[in-house]
Amino acid sequence: MPPTGEQDLLSTEIVNRGVESSGPDAGSITFSVRVRRRLPDFVQSVNLNAEIGSLSREELWRKLWDSTAGYDLATVLAFFAVFVFTLSVYFMSRPRSIYLIDFACFKPSDELKVTKEEFIDLARRSGKFDEASLEFQKKILESSGIGDETYVPRAIMSPDNISTMKEGRAEASLVIFGALDELFKKTRIRPKDVGVLVVNCSIFNPTPSLSAMIINHYKMRGNILSFNLGGMGCSAGIIAVDLARDMLQANPNNVAVVVSTEMVGYNWYPGKDRSMLIPNCYIRMGCSALLLSNRSRDYRRAKYRLEHIVRTHKGADDRYFRSVYQEEDEQRFKGLKISKDLVEIGGDALKTNITTLGPLVLPLSEQLLFFATLVKRYLSGTKPKGTTTATSVTLDGSQKSPPTSSGTKPYIPDYKLAFEHFCVHAASKTVVNELQRNLGLSNANVEPSRATLHRFGNTSSSSIWYELAYLEAKGRVKRGDRVWQLSFGSGFKCNSAVWKAVRRIKKPTSNNPWLDCLDRYPLEELS
């Protein structure tokens, strides 16, 4: 017997009636019974429809829930709740977009401008260099790619050339407050609204710190997250952006200010060691300040969105670690000692960095070609390490023969397919030329680097922002364009930052360091 609940759903029917013709039951009546599910009771359905028509909306919903639709509707609602929860977790755990609202580059006054000839004259009048050292610096300047309009602080111009803490603070106040005043003016943001502050300066690190000096000057709020990065060289600008990004990811609805600079007067080396005289010739005054935001409402007024940051550190190798090294010479004068192999070391660090960056930015076709070349080199037994394809060049312009190797030439991906603009750290003419050759870049690609080096010199960690300011002044940055910033620094480090323009950048009419000299660039002799 079926369960009582199912009896009402079954119907019976007698079929095959007859009389038994033989056997012990001959003459008896026989029949068969067919059992099947009952057809719908249409009368009841009509009655149900009539009943439904007389029900209110609330009663109808309750009747549907209690009868046929309860289980299915509960399942749908449960599924929908799980879907909404999963979607919420995904968007909450996804990294927040970091926007570059705007940036500013400090331009010193004309009274601090020096030509190459004036620079050598200042060094001669200091009485701290012999003729051999002066001739070496003059030779470096002639091949440096630096022009006659770079800036040096008053400490170098003074006859005493005394690099005191007082002079260092004065130079820091001049360049940092100059850049920040312009940034706050351009972005119309109050200093008290800044939640994160990151400052990087490699050599000059007083107590209280430069970040504390900024907070004191602008009377920023007491719960600001402030950081001061020191001793990280020319690549510290991207490291500072990376730190600011991490802070913004952990602190929603906030803005961050990043300041990148270097104190030239405090780094002035008055000795005779040639490897320590090189920074004197290249490093010039400069400072950049930028405003970052993680607030979605700032998207409309932002210029760029941060896409990637890739950092490479080679400090585990002593040769790389000592390539840019602060120490005293035989006369106990402090300075930065530059290795003759710095360009070669930088090239190897670059190779590691772009190997990591490539899969993030290159189209699939370039990645496949690069992978195929690696496989071919592996099958042919060629070791990539230590191989090179061209003569190595040192910072002073001399050349040396590379170790010979045979096998398949390494494939260099075409990064022009990944980026529209390049901001390569303007360390020296030699460095820019080598990067152009190794990456297969055109003269137009490295034009911002050469122009920045010629007009402002090597401004250390802020140079990549003077280069981006050059691109904006030329009106070349359009919506969707990708910008690659590449910098090198002591340690040894190579860092990359990738930005994407979220709107077309209009040519500036003010607050750009290039406006008074833009028509002169590019210079043909810089190519």
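Which condition number does residue 145 fail, the rest of (1) in a loop (DSSP other than H, G, I, E, B); (2) in contact with a helix residue (DSSP H, G or I) (Cβ under 8 Å, 6 or more places away or on another chain); (3) on the phi < 0 side of the Ramachandran plot being met?
The one condition residue 145 does not meet is (3).
Can you tell me which residue among 466, 470 is open to solvent by less than 10 Å² (accessible area, probe 1.4 Å), part of a helix (DSSP H, G or I), over 23 Å from residue 140 (Cβ atoms) and hydroxyl-bearing (Ser, Thr, Tyr)?
Just one listed residue meets the conditions, 470.
In segment 321-340, what count of residues is obtained for those that are farther than 12 Å from residue 279 by Cβ and part of a strand (DSSP E or B)?
First pass over segment 321-340, keeping only residues farther than 12 Å from residue 279 by Cβ: 321-323, 327-333, 339-340.
With the extra rule that they be part of a strand (DSSP E or B), the set shrinks to 327-328.
Number satisfying all stated conditions: 2.
Specify the residue that is farthest from residue 267 (Cα to Cα); the eligible residues are those in segment 339-354 that are out of contact with any strand residue (DSSP E or B) (no Cβ under 7 Å at 6 or more places or on another chain) and open to solvent by 70 Å² or more (accessible area, probe 1.4 Å).
Looking at residues that are out of contact with any strand residue (DSSP E or B) (no Cβ under 7 Å at 6 or more places or on another chain) and open to solvent by 70 Å² or more (accessible area, probe 1.4 Å), I get 351.
Scanning for something modelled with pLDDT under 85 and charged (D, E, K, R), does segment 362-379 turn up at least one residue?
yes
Would you point out which residue out of 259, 241 is at pLDDT 95 or above, open to solvent by less than 20 Å² (accessible area, probe 1.4 Å) and out of contact with any Ser or Thr (no Cβ under 8 Å at 6 or more places or on another chain)? So that I can check it myself, show each step before the final result.
On the way: 259 fails: out of contact with any Ser or Thr (no Cβ under 8 Å at 6 or more places or on another chain).
Unique residue meeting the criteria: 241.
Which of the residues that make up segment 103-114 are part of a strand (DSSP E or B) and open to solvent by less than 20 Å² (accessible area, probe 1.4 Å)?
Initial filter on segment 103-114 (part of a strand (DSSP E or B)): 103-105, 113-114.
Scanning segment 103-114 gives 103, 104, 105, 114.
Name the residue that is farthest from residue 425 (Cα to Cα), counting only residues in segment 473-492 that are open to solvent by less than 10 Å² (accessible area, probe 1.4 Å) and not in a loop (DSSP other than H, G, I, E, B).
Selected residue: 473.
Taking into account only those residues within segment 299-338 that are under 24 Å from residue 105 (Cα atoms) and over 18 Å from the mean Cα position of the chain (by Cα), which is most open to solvent (accessible area, probe 1.4 Å)?
300
Report yes if some residue within segment 265-283 is more than 24 Å from the chain's Cα centre (by Cα), under 28 Å from residue 456 (Cβ atoms) and open to solvent by 70 Å² or more (accessible area, probe 1.4 Å); otherwise report no.
yes
Please find, within segment 493-512, the residue that is most open to solvent (accessible area, probe 1.4 Å) out of those that are over 30 Å from residue 338 (Cα atoms) and in a strand (DSSP E or B).
Here the residue is 500.
So which of 278, 189 is among the β-branched types (Val, Ile, Thr) and closer than 30 Å to residue 339 by Cβ?
Numbers: 189 fails: closer than 30 Å to residue 339 by Cβ.
Among 278, 189, only 278 is among the β-branched types (Val, Ile, Thr) and closer than 30 Å to residue 339 by Cβ.
Quick check on my filter: what residues within segment 161-177 are part of a helix (DSSP H, G or I) and open to solvent by 20 Å² or more (accessible area, probe 1.4 Å)? Steps first, answer last, please.
Initially, segment 161-177 is screened for residues part of a helix (DSSP H, G or I), giving 165-177.
Within segment 161-177, 165, 166, 167, 169, 170, 173, 174, 177 qualify.
The values are calculated or read from the model by the stated rules, or taken from the named source; none is laboratory data. Nothing here was measured: the structure is a model prediction, and the numbers come from that model. Cβ sites come from the backbone with ideal geometry, for glycine too, and all protein chains shown count toward neighbours. These accessible areas exclude ligands, DNA and RNA; they are computed on the full protein's heavy atoms, side chains included. Shrake-Rupley method; radii C 1.70, N 1.55, O 1.52, S 1.80 Å.
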